[in-house]
Amino acid sequence: MKKLIYIILSFIIIIGLSNCKKEKKVENPQQDTLTQSFEEYFTNESDTIAQTTTNPTTDTTIMKEDTKGNLQPATKEDLQSNQKIFYIIAGSYTKISNAEKRKAYFEKQGIQSQILSPSGAYNRLAIGQYTDEKKARQELKKFRTQFNDKSFWLLLR
């Protein structure tokens, strides 16, 4: 009797899973195409590193790095410095090959990108470079919307 119950439950689960796959709805076909092409270039998303107590992916805090590549919020003094460049970061990678794959993805989308010189163990992929904080914040918002990706963040170097 227990075997029969297990067989019936297994059958119900299999049918339920197959129905879930069939009901996948694409609300934004253009975004779905971007996601699919991104997966062609980059499959090891576990290499992206979150290294800070504040979450740069959900706010617009400008981050800076120490010599080991660890992130911390930029101070007002940092922001008032004459020599400042704001980068929109699309990812931080310990493996340069993953940074290169993501770089190829953005270039295929027509966006110039660059892999910044490593800071500590992290290779950061920048998709924008600005000397004006206001312009950097505007472009960050634009890229987050364009790629439907809130993981982009600002780095001050």
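The values are calculated or read from the model by the stated rules, or taken from the named source; none is laboratory data. Predicted, not measured: the structure shown is a model, and the values here were computed from it. Note that each Cβ is placed from the backbone with ideal geometry, even for glycine, and that neighbours are counted across all protein chains shown.
Numerical summary
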{"quantity": "Options Arg137, Arg124: the member that is of a type outside the set (Gly, Ala, Ser), in contact with a strand residue (DSSP E or B) (Cβ under 8 Å, 6 or more places away or on another chain) and farther than 17 Å from Thr60 by Cα", "calculated": "Arg124"}
{"quantity": "From Tyr130, Tyr122, Tyr87, residue being among the aromatic types (Phe, Trp, Tyr) and touching a Lys or Arg at 6+ places or on another chain (Cβ under 7 Å)", "calculated": "Tyr87"}
{"quantity": "Residues being at pLDDT 95 or above and acidic (Asp, Glu) - total across region 115-157", "calculated": "1"}
{"quantity": "Any pair with Cβ under 8 angstrom, 6 or more apart, that starts in region 125-136 at a residue that is without any contact (Cβ under 8 Å) to a residue 60 or more places away in the chain and within 20 Å of Ser81 (Cα to Cα) and ends at one that is among the aliphatic types (A, V, I, L, M) and in a helix (DSSP H, G or I)", "calculated": "Gly128/Ala136; Gly128/Leu140; Tyr130/Ala136"}
